[in-house]
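Undergrad: Below is the structure I would like to discuss, written out as structure tokens.
The values are calculated or read from the model by the stated rules, or taken from the named source; none is laboratory data. On a predicted model such as this, the values are computed, not experimentally measured, just so you know. FYI the Cβ positions are ideal-geometry reconstructions off the backbone, even for glycines, and counts take in every protein chain you see.
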Amino acid sequence: MSIDWFPLWLSLRVAALATLLSLLLGLWLAYLLANRDFRGREALDAAVALPLVLPPTVLGYYLLVLLGRESPLGRLYEWLTGSPLVFSWQAAVVAAMFHAIPLLVISARAALESVDHTYERAARNLGASEWRVFWKVSLPLARRSILAVAVLAFARTLGDFGVTIMIAGNIPGRTQTIAVAIYDAVEAGNGALARLLVIVISVIAIAILAIANRLVTRRATA
Amino acid sequence: MIQVRIHKAFPARPDSASFSLAVDLQAAAGVTALFGPSGAGKTLTLDAIAGFFVPDEGRIMLDDDILFDGPSGVCVPPRLRRCGYVFQNYALFPHMTLRQNLAFAAERSPRLERHRKVNEMLERFHLNDAAGRRPHEVSGGQKQRCSIARALIGSPKLLLLDEPARGLDAPLRADLYAVLRQVRAEFQTPILLVTHDLEECFELADEMLILRQGRVVQSGPPRLVADRPASVEVARLLGIYNLLPAEIVELDPQRNLSRILCGEFDLSGPYFPGRFRGDRVWLCVRTEQLAVSERDGRLGPNQVAAQLLRSVDMPHSVRLEFSGDIRAEIPRAEWEKQKHNKEWAVSFPQDALRVL
């Protein structure tokens, strides 16, 4: 049996890119929520957690409306890159990001808040700007937890199904990620392929959990 | 010169009662100690000056700069205040070496000068050997010197020290005092020092301010404050006084005399200006000014009989605790001579008596 490994490679690529992007966005949101007091902070806090409670199809539908070819954002993207966003592998990245960001923001915020605020005060007292305080003090002091969060976020981006199928679709060889491919294989009665992909993804997930756990416990004993 | 006149109300929280900070103080060059019990608002006062919270009203001036002004809404952010702060646990960045800690603080200087400044500070505070190590790899004394150097490297206009001697053993404490004297001599920076150790005030401070429940209740040179506490509360905080409830029964300005009834004791003291006969007061006399002797027969004037409850060895003296809440502190040699006394008499020297 020749196996099409494309879904696995696509998933890894999507997950890597989505992790990177959601880390940037998520850290920024976590920083805002942990340190700044501004109007609409609670609304933002709630909005960040929303993808956790909405059914993935609902979230996917919203994104479809928001990023579709007729929407301003969709048109902007198409104008910038020359091709539509929806039903492309880039849409799978967006889907994966929405899957990872709530967890990432919540954990990164906890990590940032667990940094002893005396260090941040000391840094400000020594003339550092908020930007420098964050990059030189808060982030390095929380780096282990944040690394662990990033690893978990990677695992999560690997596993998105619902939103991906709504906005990226299920186009073999183009947008079919591993989670979608497993669904497809089961639907088509291809039990052997489904089993194989399930085992692969389980092994990867377990390995990632082990890494994340090690990061967290090393921090606790250090 | 730092001038602070601020008010801030902290509402009650599940883990703390409400607190109101209303300090009014100023400090010029030299060392000014903020002395008071825990919870008096000493650290809060430093935090207000450093800008870690916004007072409800008032004004903070450092030299000619307004750091905070309630009515006009001016509130300079902490990073622009130029108040070097030495935190209680030093707050050296654990992920940086001592050199990097200093370099972080020197960031405001031009690049070339930065290097020179860091090296100069490492030299001056004897940190060269430890420069490449992280805070958890160096000794307590090095950490402490590094945190002081770090606070000074940006040429602050004021140095804030939050109980720097807390938790240090005697040799380290002596080192710290030497470093602070060096800082006072070499940098023209006024220093505000938070402490609850009276000896430390005497050791370092030119002026001391006594804080109690968020307010400055007395200020002046340590010697003067300790000799002339302005109130019973201050005398109690200083911890070097006997405080006994008493009543003035006679006052004679001509002969500079007074008679005080203190429980069953009948004592004579100097004339107390501004007091009236019948005033209920606190008799206030320093523990080391009381004399003790063996009681034989009649008691002399200003001598009272007391029962010795406990004797406590102190580093340089012996503290005797008598019935009636009387404490006396006598030299060790004196104690060796008298320790077999069966009954005791305590004399209150007439001139040493004060009332509050």
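Undergrad: What is the number of the single condition among (1) part of a helix (DSSP H, G or I); (2) within 14 Å of chain B (Cβ to nearest Cβ); (3) among the β-branched types (Val, Ile, Thr) that A:Ile106 does not meet?
TA: (2)
Undergrad: Moving on. Restricting to the stretch B:71-85, count the residues that are away from every other protein chain (no Cβ under 13 Å) and either of a type outside the set (S, T, N, Q) or in a helix (DSSP H, G or I) (or both).
TA: So the count comes out to 4.
Undergrad: So, one more: Being hydroxyl-bearing (Ser, Thr, Tyr) and modelled with pLDDT of 95 or more is true for just one of B:Tyr85, B:Tyr90. Which residue is that?
TA: B:Tyr85
Undergrad: Kindly indicate which of A:Ala128, A:Ala92, A:Ala168, A:Ala96 is within 14 Å of chain B (Cβ to nearest Cβ) and buried (at least 22 other Cβ atoms within 10 Å of the Cβ).
TA: Checking each option against the conditions leaves just A:Ala128.
Undergrad: Only residues that are closer than 22 Å to A:Arg156 by Cβ and surrounded by fewer than 19 Cβ atoms within 10 Å (Cβ to Cβ): list them for the stretch A:171-185, please.
TA: A:Tyr183, A:Asp184, listed by residue number.
Undergrad: Report, by residue number, each residue of the stretch B:217-237 that is within 12 Å of the chain's Cα centre (by Cα) and β-branched (Val, Ile, Thr).
TA: Answer for the stretch B:217-237, where residues must be within 12 Å of the chain's Cα centre (by Cα) and β-branched (Val, Ile, Thr): B:Val225, B:Val234.
Undergrad: Could you check how many residues of the stretch B:52-70 are within 14 Å of chain A (Cβ to nearest Cβ) and surrounded by fewer than 23 Cβ atoms within 10 Å (Cβ to Cβ)?
TA: Residues meeting the conditions: 4.
Undergrad: Just give me the residues in the stretch A:24-57 being free of Cβ contacts under 8 Å to residues at least 24 places away in the same chain, within 18 Å of the chain's Cα centre (by Cα) and more than 19 Å from A:Val133 (Cβ to Cβ), in sequence order.
TA: Within the stretch A:24-57, A:Leu44, A:Asp45, A:Ala46, A:Ala47, A:Val53, A:Leu54 meet the criteria.
Undergrad: In addition: For the condition within 16 Å of B:Ile330 (Cα to Cα), among the aliphatic types (A, V, I, L, M) and crowded, with 17+ Cβ neighbours inside 10 Å, what is the one hit in B:Leu251, B:Leu308?
TA: B:Leu308
Undergrad: Starting from residues that are hydrophobic (A, V, I, L, M, F, W, C) and surrounded by fewer than 22 Cβ atoms within 10 Å (Cβ to Cβ), keep the ones in the stretch B:71-86 and report whichever is farthest from B:Pro164 (Cα to Cα).
TA: Selected residue: B:Val74.
Undergrad: Scan the stretch A:147-164 for residues that are surrounded by 23 or more Cβ atoms within 10 Å (Cβ to Cβ) and either of a type in the set (Phe, Trp, Tyr) or within 14 Å of chain B (Cβ to nearest Cβ) (or both) and report the count.
TA: Adding up the residues that qualify gives 1.
Undergrad: Could you please find all residues in the stretch A:109-129 being part of a helix (DSSP H, G or I) and not small (Gly, Ala, Ser)?
TA: Correct list: A:Arg109, A:Leu112, A:Glu113, A:His117, A:Thr118, A:Tyr119, A:Glu120, A:Arg121, A:Arg124, A:Asn125.
Undergrad: A further question on this structure: Tally the residues that are surrounded by 22 or more Cβ atoms within 10 Å (Cβ to Cβ), among the aliphatic types (A, V, I, L, M) and in contact with a Pro (Cβ under 9 Å, 6 or more places away or on another chain), restricting the search to the stretch B:7-45.
TA: 4
Undergrad: What tally of residues in the stretch B:140-163 results from selecting those that are among the polar types (S, T, N, Q), away from chain A (no Cβ under 13 Å) and in a loop (DSSP other than H, G, I, E, B)?
TA: Of the residues in the stretch B:140-163, 0 are among the polar types (S, T, N, Q), away from chain A (no Cβ under 13 Å) and in a loop (DSSP other than H, G, I, E, B).
Undergrad: Which ones in the stretch A:89-119 are of a type in the set (Asp, Glu) and either under 17 Å from A:Leu25 (Cβ atoms) or touching a residue at least 40 places away in the same chain (Cβ under 8 Å) (or both)?
TA: Once the filter is applied, which keeps residues that are of a type in the set (Asp, Glu) and either under 17 Å from A:Leu25 (Cβ atoms) or touching a residue at least 40 places away in the same chain (Cβ under 8 Å) (or both), the stretch A:89-119 yields only A:Glu113.
Undergrad: Anything in the stretch A:145-160 that is charged (D, E, K, R) and part of a helix (DSSP H, G or I)? List them, or say none.
TA: Of everything in the stretch A:145-160, just one residue is charged (D, E, K, R) and part of a helix (DSSP H, G or I), namely A:Arg156.
Undergrad: Being out of contact with any Ser or Thr (no Cβ under 9 Å at 6 or more places or on another chain), over 30 Å from B:Thr97 (Cα atoms), surrounded by 20 or more Cβ atoms within 10 Å (Cβ to Cβ) and among the β-branched types (Val, Ile, Thr): is that true of A:Val86 here?
TA: Yes, satisfied.
Undergrad: Would you mind stating whether B:Leu34 is within 14 Å of chain A (Cβ to nearest Cβ), within 23 Å of B:Pro156 (Cα to Cα) and in contact with a strand residue (DSSP E or B) (Cβ under 6 Å, 6 or more places away or on another chain)?
TA: No.
Undergrad: Does the stretch B:280-298 contain at least one residue that is among the charged types (D, E, K, R), buried (at least 16 other Cβ atoms within 10 Å of the Cβ) and touching a Lys or Arg at 6+ places or on another chain (Cβ under 7 Å)?
TA: No, because not a single residue in the stretch B:280-298 is among the charged types (D, E, K, R), buried (at least 16 other Cβ atoms within 10 Å of the Cβ) and touching a Lys or Arg at 6+ places or on another chain (Cβ under 7 Å).
Undergrad: I'd like the residue in the stretch B:86-114 that is part of a helix (DSSP H, G or I) and in contact with a helix residue (DSSP H, G or I) (Cβ under 8 Å, 6 or more places away or on another chain) and, out of all such residues, is nearest to the other protein chains (Cβ to nearest Cβ).
TA: Across the stretch B:86-114, the extreme among qualifying residues is B:Ala105.
Undergrad: Among the residues in the stretch B:180-191, are any acidic (Asp, Glu) and within 14 Å of another protein chain (Cβ to nearest Cβ)?
TA: no
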